Structure formats: C-alpha cells, structure tokens
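Scroll down for the structure; my scribbles are underneath it.
The values are calculated or read from the model by the stated rules, or taken from the named source; none is laboratory data. Worth saying up front: this structure is predicted, and the values here are computed from it rather than measured. In this analysis, Cβ positions are derived from the backbone assuming ideal geometry, glycine residues included, and neighbour counts consider all displayed protein chains. Remember, those area values only see protein heavy atoms, side chains included, never the ligands or the DNA or RNA. Shrake-Rupley method; radii C 1.70, N 1.55, O 1.52, S 1.80 Å.
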Amino acid sequence: MEKRNKVIQVLIIVSILFFFAYQYYVGFYASITTESASSFDYTEGIDATATFIRNEVTLTNDESGTVHFLVANGEKVAKDGKIADIFSSDSASAAASRIAEIDKQLKLISEIEGYNDTTAVDVDTINERISTHLNSFVYATQDGRFTEAGNFATELLTMMTRKQVATGQQNDFSILKADLNSERSSLVLQMGAPKKSILSTTAGYFVSNADGYEKVLTSKNLEDTTPEFIENINKESVAENVIGKIVYDYEWFLAVPVSLDNSMHYKVSDTVSVKIDTSSVSRLSATVHSINLSETEDKAVMILRCNEMNSELASLRTASVKIIRKEYSGIKVNSKAIRIVDSVTGVYVVSGLEAKFVTVNIIYSDEDYKICELNTADTSKLRLYDEIIVKGKNLYDGKIIY
C-alpha cells in the first residue's frame, strides 16, 4: 500500500512538473513568432484607365482585289512609302508573300557565304548567340511582339546556318540557290503586276486597323476632354474601304480620369512618371499638359503629353496606368512588430538565444506593414534578413527566448 502511495506521489509530482514546463514553453517559446526582414519596393500613385490620344490619318483603298500588306503592324514608314499592293486574287497575293520569303532566304545565303572562313569563326560565340536569339524569339512571341519575333527568328536562322558552315556540315549552297531562283521565277509569272499600290501620305507608324476614334480623339480638342467627354465618348463608324492608319505625330497624349483631390497634387508643366500595363514599355516620362475639371462633380481628367512612341503604343487606345507620386524602397516590417521603448521606435529581433531591441526609421506606414530604411551594417538598427519578433510576451532587451 505504501509503495502504491509513493507511485501516486511520483506521478503527481511529474504531472505538476510537466504542467509548469508546458506553461513555460507556451509562455516563452511557443508564443514567439518571427518573420524575416526582407527588402520591399512600393510605388504610391494614382491607378486609372487612360485613353490614348494621337494624331492619325486613315488609309483607304477603292480598288477591288486582295490587299497585300508590305509592312507589319506597328512598323515605321516613310512618307510615300509603299504600304500595300492590290492584287487581282488571293493566289497572286500568296505568290508575292512567298517571293518575299525567297528573297530573304537568298539574302541570308549570300551573307552566310561571306563568312565561309571556318578558321575565323568561334563556334562557342555562335552557340551563345543562338541561345540568346532563341530566348529573345520565345519571349517576344509570348509578349505578342511579332515584328521583333520575326527579326529574332531571322537572326537565329543566320546563326544556325553559320554554325553548319563553321563545322563543315554545310558549305555548298549552289543547289539550294538554283531551286529558290527557279521557284521565284515561276511565282513572278503567277503573281503578275499589282493593280494598284497604297502609299503612306505621311511618315509615322502603320497600324493595320482603325477603331473609329481617329477623328474623335485628336490633339485639337484637348481642352474639351473633360470627365463627361471621356465617359460619354462615341466612336465614328469605320468606312469599309479603310485598310489601316498612320500615327503621324510623335507627340501624343494620355487622358487620365482622376478624383479632384488627386488632381490637386499636380500642376501644369509638372513632369511625371507613368507606369503602363504593356509588354514593351513599363514606364513613360510625361508632362502635365492640362487638368480639365468636371462642371458638376469632384472629378478631373489629367492630360499628359508624351513623346516616346513605338509599335505597341501606336496600336493602343486604352491601358491601365499608374501615375507615380512617390516610390519607397526599404525593409518591410509587420506593423505588429513595431514597438516603442523609451520613446525610441524599433523592433525586437532574435540574437542567438536572446531578444534584442534594434531601432528602425519608418519611411512609409500602412495599417498592415511599415517600410523601414534599408540597413545592412549597423547592428543597432534593423538589418536585412534579421529575424523580427512579431509576436512575443513581456519582451525586453536580453530576454532568453529559446
């Protein structure tokens, strides 16, 4: 019986010790939650859907037949440059396309033959260029930059053929050239002469479609581009004989609807940076041309003047944009981790087995997080990759936490 009582006493003591050990664990170890101090960039600005305003002229064709374009969508053209040929049939147009491909191949062969000295060719360099052009071709295709993709494909083919020459796999193009020239001669007879050629009336960027806003959205009516105008804008019908247009003025405008409060942060002639949701241009520099207020509501339209143009911008009519007001770069810290000790703002971090208080300089504050000044050397301040204690009870400098 006595032995049994001792066993019970031991069990009770063990249970008590386990209970206190558990409470210690919960109070001092399990309640510690940490997050790694990581770098973070934040852009503060106005998000909006912007409307593109450009000076454009449409191209028309009244000749019956098949329109055979000679320039790609978004391609630069000169004044009086040939945009398209009008052929009598689809087969004639197809023959013209194949002739253009053959001409490119013949030109490529001529260039390759100019590099037939294998002792002057570095195969490793060629391999690097093949890899570079292949990656560029894939990315351009994924982003929809098909004109650039075509250029990369041509360069890729050039490098691959040049490698064949350098390694002795291919050094005689005479049969291939003869076949191509024979095919070309046959196609020329099949193609015949075009019925008409369409020339560009001005220099600019060719766009292969018209959207009906060419005469509605121009630089001539910028002062009338109010919130009401943007909200109720109506496009014109596009005539059936329109085959495209030329964006002819390299200075163009963005109409950005904003609240009246947001518009107060800017004034005419301010230079702003605009993030634009496109694949080819991530950021534009623009100047505030005017700020047009609504007559009845707390709204405005900021008119931004831009002078950077490319094939994609020439084709866009609307896009999601951010007008950047400020940019912050630093260390992201959970707001729950911020503590004030002796009137000093900082956080507790894990230092060995202890908690250590380090100071922070907050440069941006949000309800959920703060951005603190970046620091990598000073151990008295929060450093990148420190383990920040987000949750912990009764913390103080030097407290044992593990």
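Does the stretch 227-241 hold any residues that are under 30 Å from residue 263 (Cβ atoms), assigned to a loop (DSSP other than H, G, I, E, B) and open to solvent by less than 50 Å² (accessible area, probe 1.4 Å), and which are they? Show your work before the answer.
First, the residues of the stretch 227-241 that are under 30 Å from residue 263 (Cβ atoms): 227-236.
Applying the additional criterion that residues be assigned to a loop (DSSP other than H, G, I, E, B) yields 232-236.
Residue satisfying the conditions is 233 alone.
For the subset of the stretch 251-280 comprising residues that are outside any strand (DSSP E or B) and in contact with an Asp or Glu (Cβ under 7 Å, 6 or more places away or on another chain), which member is modelled with the highest pLDDT? Only one residue fits best here, namely 260.
Within the option set 300, 337, being of a type in the set (A, V, I, L, M) and under 18 Å from residue 217 (Cα atoms) holds for one residue only, 300.
The residues of the stretch 317-362 that are buried (at least 20 other Cβ atoms within 10 Å of the Cβ) and over 22 Å from residue 376 (Cβ atoms), listed by number, are 321, 323.
Restricting attention to the stretch 255-273, and to residues there that are among the hydroxyl-bearing types (Ser, Thr, Tyr) and open to solvent by less than 30 Å² (accessible area, probe 1.4 Å), which single residue is nearest to residue 286 (Cα to Cα)? Once the filter is applied, the top-ranked residue is 266. Among the residues of the stretch 321-363, those that are within 38 Å of the chain's Cα centre (by Cα) and among the basic types (Lys, Arg) comprise 322, 325, 326, 332, 336. Within the span defined as the stretch 170-188, every residue fails to be within 39 Å of the chain's Cα centre (by Cα) and either in contact (Cβ under 8 Å) with a residue 60 or more places away in the chain or in a helix (DSSP H, G or I) (or both).
Does the stretch 206-226 contain any residue that is part of a strand (DSSP E or B) and either exposed (fewer than 14 other Cβ atoms within 10 Å of the Cβ) or of a type outside the set (Phe, Trp, Tyr) (or both)? The answer is yes, given that some residue of the stretch 206-226 is part of a strand (DSSP E or B) and either exposed (fewer than 14 other Cβ atoms within 10 Å of the Cβ) or of a type outside the set (Phe, Trp, Tyr) (or both). Among the residues of the stretch 64-88, those identified as open to solvent by 70 Å² or more (accessible area, probe 1.4 Å) and closer than 18 Å to residue 191 by Cα are 64, 69, 70, 82, 88. Polar (S, T, N, Q), over 30 Å from residue 112 (Cα atoms) and open to solvent by less than 40 Å² (accessible area, probe 1.4 Å), is that true of residue 202? Judged against the criteria, residue 202 is a match.
If the condition is being at negative phi, in contact (Cβ under 8 Å) with a residue 40 or more places away in the chain and either open to solvent by 60 Å² or more (accessible area, probe 1.4 Å) or out of contact with any strand residue (DSSP E or B) (no Cβ under 9 Å at 6 or more places or on another chain) (or both), then the stretch 373-400 contributes 373, 374, 383, 387, 391, 393, 396, 397, 400. With respect to the stated conditions, residue 49 is among the β-branched types (Val, Ile, Thr) and open to solvent by 30 Å² or more (accessible area, probe 1.4 Å).
Residue by residue, here is whether (1) among the small types (Gly, Ala, Ser); (2) out of contact with any Leu (no Cβ under 7 Å at 6 or more places or on another chain); (3) closer than 30 Å to residue 64 by Cα holds:
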site	(1), (2), (3)
246	no, no, yes
250	no, yes, no
273	yes, yes, no
297	no, yes, no
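Inside the stretch 279-308, can you point out the residues that are free of Cβ contacts under 8 Å to residues at least 24 places away in the same chain and surrounded by 18 or more Cβ atoms within 10 Å (Cβ to Cβ)? Listed by number, the list holds a single entry, 288.
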